[in-house]
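S.K.: Take this structure, written in C-alpha cells, and hold onto it; I'll ask about it next.
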Amino acid sequence: MPRILLVEDNEMNRDMLSRRLQRRGYEVLIAVDGQLGVEMAQAELPDLILMDMSLPTIDGWEATRALKAAAATKDIPVIALTAHAMSTDRDKAIEAGCDDYDTKPIELSRLLGKMETLLGQSGGSAGPTQ
Ligand code: MN
C-alpha cells in the first residue's frame, strides 16, 4: 500500500484529506510544517508527498527544493497544493521541483488521478490495494 506524506499546517484540511486517503487504502504520514515535512520525508522515504505551499517554518517551495536537492529524496514525487489557481503559482511550484500541482479545495477524484499517475511512474507500488 503506498505511503503518502501529507505536509499541511491547517488541521481541518489535514484531518479531512488524510481520512479520505486512508479510506482509499493509502497509508498517510503527517507533517504540520515545512521543516518537519523535510525531516519526515528523509526519515520515512514515502512513496509520494502532498505538499501544501503556505506553511510555517519553511514554506512548501523551499521544502520541495530541499527534498529535490538531496539524493535520498529527489525521486519522491511531490504534488504541490495551493489555494491559488494562478499560473504563476503553478510555475513557481514546478520550478521548485514539484512533479505536479493541484488547487484547493481538493477535488478528491482529480487529486487521486494525479497521485496514481505519479505512483505508477515511480515503479514502486502502483496503487492502493483496496
Ligand atoms: Mn497552509
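The values are calculated or read from the model by the stated rules, or taken from the named source; none is laboratory data. All values reported here derive from a predicted model rather than from experimental measurement. As a convention, Cβ positions derive from the backbone with ideal geometry for all residues, glycine included, and neighbour counts pool all protein chains shown. Quick note on the areas: whole protein, heavy atoms, side chains included, nothing else; ligands and nucleic acids left out. Shrake-Rupley method; radii C 1.70, N 1.55, O 1.52, S 1.80 Å.
S.K.: List every residue pair whose Cβ atoms sit under 6 Å apart, with the two residues 6 or more apart in sequence or on different chains, where the first one lies in region 1-26 and is closer than 23 Å to A83 by Cβ and the second, anywhere, is part of a loop (DSSP other than H, G, I, E, B) and within 12 Å of the ligand (Cβ to nearest atom).
M.R.: Between residues of region 1-26 that are closer than 23 Å to A83 by Cβ and residues that are part of a loop (DSSP other than H, G, I, E, B) and within 12 Å of the ligand (Cβ to nearest atom), the close pairs are D9/V32; D9/D33; D9/L55; D9/P56; R14/E8.
S.K.: Just one of L45, L55, L50 is farther than 12 Å from E8 by Cβ, of a type in the set (A, V, I, L, M) and touching a strand residue (DSSP E or B) at 6+ places or on another chain (Cβ under 9 Å); which is it?
M.R.: L45
S.K.: When you scan region 47-104 for strands (runs of 3 or more DSSP E) that lie fully inside it, which ones turn up with 2 or more residues that are among the aliphatic types (A, V, I, L, M)?
M.R.: 48-52, 78-82
S.K.: Taking T64 and the conditions (1) buried (at least 18 other Cβ atoms within 10 Å of the Cβ); (2) closer than 12 Å to I4 by Cβ; (3) polar (S, T, N, Q), which numbered condition does it fall short on, given that it satisfies the others?
M.R.: The single condition T64 does not satisfy is (2).
S.K.: If you check L119 against the conditions, is it buried (at least 20 other Cβ atoms within 10 Å of the Cβ) and either part of a loop (DSSP other than H, G, I, E, B) or modelled with pLDDT of 95 or more (or both)?
M.R.: Yes, satisfied.
S.K.: Does G25 count as in a loop (DSSP other than H, G, I, E, B) and at pLDDT below 95?
M.R.: Spelling it out, it is not the case that G25 is in a loop (DSSP other than H, G, I, E, B) and at pLDDT below 95.
S.K.: Among (1) open to solvent by 50 Å² or more (accessible area, probe 1.4 Å); (2) closer than 17 Å to M115 by Cβ; (3) within 12 Å of the ligand (Cβ to nearest atom), where does E8 come up short?
M.R.: Just one mismatch for E8, condition (1).
S.K.: Of the conditions (1) more than 13 Å from the chain's Cα centre (by Cα); (2) not in a loop (DSSP other than H, G, I, E, B), A41 clears all except one; give me its number.
M.R.: Of everything listed in (1) more than 13 Å from the chain's Cα centre (by Cα); (2) not in a loop (DSSP other than H, G, I, E, B), A41 misses just condition (1).
S.K.: Another question about this same structure. Just checking, does region 22-31 include any residue being closer than 21 Å to A70 by Cα, within 10 Å of the ligand (Cβ to nearest atom) and aliphatic (A, V, I, L, M)?
M.R.: No - not one qualifying residue is present in region 22-31.
S.K.: Evaluate the following for A96: is it within 22 Å of Q121 (Cα to Cα), more than 14 Å from the ligand (Cβ to nearest atom), open to solvent by less than 10 Å² (accessible area, probe 1.4 Å) and out of contact with any Cys (no Cβ under 9 Å at 6 or more places or on another chain)?
M.R.: Yes, satisfied.
S.K.: Within region 74-91, can you find the residues that are in contact with a strand residue (DSSP E or B) (Cβ under 9 Å, 6 or more places away or on another chain), modelled with pLDDT of 90 or more and open to solvent by 20 Å² or more (accessible area, probe 1.4 Å)?
M.R.: none
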